[in-house]
Amino acid sequence: MHARAKGPVAPQVYRLAFSTAAAPWRARSQQQACGVQTRSAPPEAAQETLSLDTFTPGNLHISKPAPCIRRMRWPAWRHGRFRLLMKRERPVLASRRSVRFVAASRRKLAKLRTLLLERLLQGYEPTPELASILLVYLVQGVLGLARLATVFYFKDELKLSPSQLAMLSGVQTLPWTIKPLYGFLSDAVPLFGYHRRSYLSLAGALGAASWLGLATWAHTPAQALLCSTLASLAVAISDVVADGLVVERVRENSQERAGSLQSLCWGISAFGGLVTSYFSGSLLERFTPRQIFLMTATFPLMISTVSFFIDERPSYSEQALVQERSTGSAASQDGSRVHQATKWSRYSEQVARDARELLSKLWNAIRQPSILYPTAFVFLWQATPSAETAFFYYMTNELHFGPEFLGRIRIISSAAMLVGVFVYNRFLQRVPIKSMLRWSTILSVPLGLSQLILVTGLNTRWGIPNSWFVLGDAAVLTALGQVAFMPTLVLAARLCPPGAESVVFATLMSLYNASGVLGTEMGALLTQVLGVTEQNFTNLWALITICNLSSLLPLLFIDFLDRAPIDRNAAMSSTDTAAAASEEFTDLDGLERGHSSVTESTKNANARSRR
């Protein structure tokens, strides 16, 4: 049917017969497009979706049926008759419906993008550099995939005793005790012309080589210790460099957003740790430890790859070298070399001068009684021995817990740690640090002695299975350990004097890590003295009792905390809280018991926490 609009009649009263063929159509000037031809159509109407309401009766011509979609029925009256003859379909153009669908889709995508930017990325625009920084933190959390594999490798393949394994685990964390050195080198000494890119790339390559060495080359305890220590060194270097990048980006934003990027990075690390907590055990049911080491070796390579996306300009020395190479004449090249040597000499002198000034400032800060005495108490508080390695052997050799169940323990412990952080932030932030440390230590002793119930078998007499008892014990004591750990971070932030915040805080964290290493080695010594081996657990109860009761000894020096500056604004407490929330367990079996829960979670979280 062909219809031509005539006269100045409103378009909405036309009754045109349309077919129901659903086909999109557009208008082209002076051409027919799917049944519609325009006469003297305005230029802006070309190549746009048609709408009947946009045309006047003088320029609309239907040459063949236009597409429409059945939507509703409406009554129409025949000319000259006062009765309803039929119900006709109201035409709705298919093109108009598609435009509405596209517009609605765009609105939904815009809302989703806004949600991702505000909630997930904390308002930061997604850039390749931001993705690179987040990937570095994600890899640090994902590296926990090989944690249980490393323990079983030392235990089953290298046949180490509990005391030997405890001693080696303390040595592995030594690279974390000198973190300020990595930060100073990264800031002062460029590598291949860059302060950040080169160190990240080097850390990734070192980590991949270390895990590859564990998978293929290490066959003796000394070789395995070397590879695992280098892997720990690689993570420590990448952590320091990533923290430096975050600090630089935070300085470019307002104070309100200062902690948002740090919380985002630590949250990404926590997510990676939580994901790999369970799989670290379940994968051991299907693969050997060496195969898991080979899988883990691929993750540090990601750090080396994304390091090239870091937005960093070459240092001055590199720019001078490029300028020297671009110089044409030999004389100018010689002159530029002399100039370059002079610049390097001045630069080396400046680095040495900065190092001396930094050490002097650090020494003047540390020897102040208001910093020295509280730090000494925290050092003693974390240096108490632990029985965690011997208890790990008891669970695997005596209770016959498999890797998959140990993975469950780790993920429950990680979740309980986050619960502990939430409890502290919500209810305990205003509690004095001295009271928090005193009562958490006292409460940890009877809870830590609950291990004796498992060792003596009382829980089975009461009808409690060993697996359920271990899971509940791990959840409760881990949450308590994290609640006790949080005040130490706040205390470290308050101890930092103005003008030397970063160097003093990094040094305090290194001292925390060193105290953790000392406590691990003392636990190894006690395990050896009491004769606890992989098959003999006769004196395990004595080891557990001594380790828990020794945690009360630092309370004799708790008055050292009275010298801490309580009037200083602890601006770092919120970010340190986020740092602790992101940390995952680095202990051997993911368990903390009693004061082992307090001290071990403290020193192990310090070993990988974001400083």
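The values are calculated or read from the model by the stated rules, or taken from the named source; none is laboratory data. Small disclaimer: the values here were computed from a predicted structure and weren't measured. No Cβ is skipped: glycine too gets one built from the backbone with ideal geometry, and neighbour counts run over all protein chains shown.
The residues listed here are 244, 259, 267; of these, the one that is crowded, with 17+ Cβ neighbours inside 10 Å, within 18 Å of residue 503 (Cα to Cα) and modelled with pLDDT under 85 is 244. Could you list, in sequence order, all residues of the range 497-537 that are under 15 Å from residue 382 (Cα atoms) and polar (S, T, N, Q)? Within the range 497-537, 510, 513, 515, 520 meet the criteria.
Those helices (runs of 4 or more DSSP H) of the range 386-497 in which 2 or more residues are of a type in the set (A, V, I, L, M, F, W, C) occupy 388-393, 403-423, 433-448, 451-456, 466-495.
Number of residues in the range 400-447 that are buried (at least 20 other Cβ atoms within 10 Å of the Cβ), farther than 23 Å from residue 281 by Cβ and among the polar types (S, T, N, Q): the value is 3.
Taken over the range 400-440, residues that are at positive phi and among the basic types (Lys, Arg) amount to 0.
Looking only at the range 380-399, residues that are closer than 22 Å to residue 160 by Cβ, crowded, with 23+ Cβ neighbours inside 10 Å and among the β-branched types (Val, Ile, Thr) come to 1 in all. Would you mind stating whether residue 290 is in contact with an Asp or Glu (Cβ under 9 Å, 6 or more places away or on another chain) and at pLDDT 90 or above? Here the answer is yes, as residue 290 does meet what is asked.
Taken over the range 294-310, the criterion of being assigned to a helix (DSSP H, G or I) and either surrounded by fewer than 17 Cβ atoms within 10 Å (Cβ to Cβ) or hydrophobic (A, V, I, L, M, F, W, C) (or both) is satisfied by 294, 295, 298, 299, 301, 302, 303, 305, 306, 308, 309. Of all the numbered requirements in (1) in contact with a helix residue (DSSP H, G or I) (Cβ under 7 Å, 6 or more places away or on another chain); (2) over 22 Å from residue 413 (Cβ atoms), residue 463 misses one, and that requirement is (1).
When we screen 472, 448, 402 for residues that are touching a Lys or Arg at 6+ places or on another chain (Cβ under 8 Å) and under 30 Å from residue 540 (Cα atoms), the only hit is 448. In the range 480-491 there is no residue that is without any contact (Cβ under 8 Å) to a residue 24 or more places away in the chain, farther than 23 Å from residue 372 by Cα, surrounded by 18 or more Cβ atoms within 10 Å (Cβ to Cβ) and over 21 Å from the mean Cα position of the chain (by Cα).
The condition (being in the same structural domain as residue 179 (by TED's automatic domain parsing), among the small types (Gly, Ala, Ser), surrounded by fewer than 22 Cβ atoms within 10 Å (Cβ to Cβ) and over 30 Å from residue 400 (Cα atoms)) is satisfied by just one residue among 450, 510, 515, 467: 510.
Kindly indicate whether any position in the range 513-529 is farther than 16 Å from residue 164 by Cα and out of contact with any Ser or Thr (no Cβ under 6 Å at 6 or more places or on another chain).
yes
Taking first residues from the range 418-434 that are touching a residue at least 24 places away in the same chain (Cβ under 8 Å) and partners that are among the charged types (D, E, K, R), the Cβ contacts under 8 Å between residues at least 6 apart in sequence or on separate chains come to 434/562. Criterion applied to 526, 530 was being among the aliphatic types (A, V, I, L, M), without any contact (Cβ under 8 Å) to a residue 24 or more places away in the chain and surrounded by fewer than 24 Cβ atoms within 10 Å (Cβ to Cβ), and the one residue passing it is 530.
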